[in-house]
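Notes follow the structure.
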Amino acid sequence: GATSDMAIRVEFFGDEIDRISEFEVVSGHAKRELTHAAVFPASHYIVSRDKMEKALEEISRTIKLENDLENLITAKTGSECVVVINEGKAQVIVNKNTLNDTVSTQIIDIIASQANIFSENITLIETK
């Protein structure tokens, strides 16, 4: 793999890049500030067109399912949410003061029945 005594640090302010600097890996001391940096993958993967198309179809199905679940939950609870499904688990993020026993049960039932995800794999998150 790629190794070096130097590394690149990218500092953000919100979603904007604030500063790019080169620093020593061992000491952590910044050496110089950069105006730009090129970052390349440590390795390359080539995937067959068929495999790529199947992956894209799966991603599209997951995004549609997440959107459908968000619409069902919003209609049922009256509160907007975000649903993220990954590797047989679901996270549902809802607005502050949305969750109570009834709403939590409704959300879990919707996810379990529509996405075939076991309730122990469903996490409800309430924003602050």
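The values are calculated or read from the model by the stated rules, or taken from the named source; none is laboratory data. Everything quoted here is computed from the prediction, not taken from an experiment. Cβ sites come from the backbone with ideal geometry, for glycine too, and all protein chains shown count toward neighbours. Heavy atoms of the whole protein, side chains included, go into the accessibility calculation; ligands, DNA and RNA do not. Shrake-Rupley method; radii C 1.70, N 1.55, O 1.52, S 1.80 Å.
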Mind listing whichever residues of the range 44-67 are in contact with a helix residue (DSSP H, G or I) (Cβ under 8 Å, 6 or more places away or on another chain) and modelled with pLDDT of 95 or more?
-> Leu65
Going through the range 3-32 one residue at a time, which ones are closer than 30 Å to Asn86 by Cα and in contact (Cβ under 8 Å) with a residue 12 or more places away in the chain?
-> Arg9, Val10
Which pairs have Cβ atoms under 6 Å, sit 6 or more apart or on different chains, and link a residue in the range 33-56 that is within 17 Å of Ala7 (Cα to Cα) to one that is open to solvent by 90 Å² or more (accessible area, probe 1.4 Å) and among the small types (Gly, Ala, Ser)?
-> Ala42/Gly1; Ala42/Ala2
Starting from residues that are open to solvent by 80 Å² or more (accessible area, probe 1.4 Å) and of a type in the set (Asp, Glu), keep the ones in the range 69-123 and report whichever is farthest from Glu58 (Cα to Cα).
-> Asp101
A careful count of residues in the range 43-52 that are open to solvent by less than 100 Å² (accessible area, probe 1.4 Å) and assigned to a loop (DSSP other than H, G, I, E, B) gives 3
Which ones in the range 25-37 are assigned to a loop (DSSP other than H, G, I, E, B) and open to solvent by less than 80 Å² (accessible area, probe 1.4 Å)?
-> Val25, Ser27, Gly28, Ala37
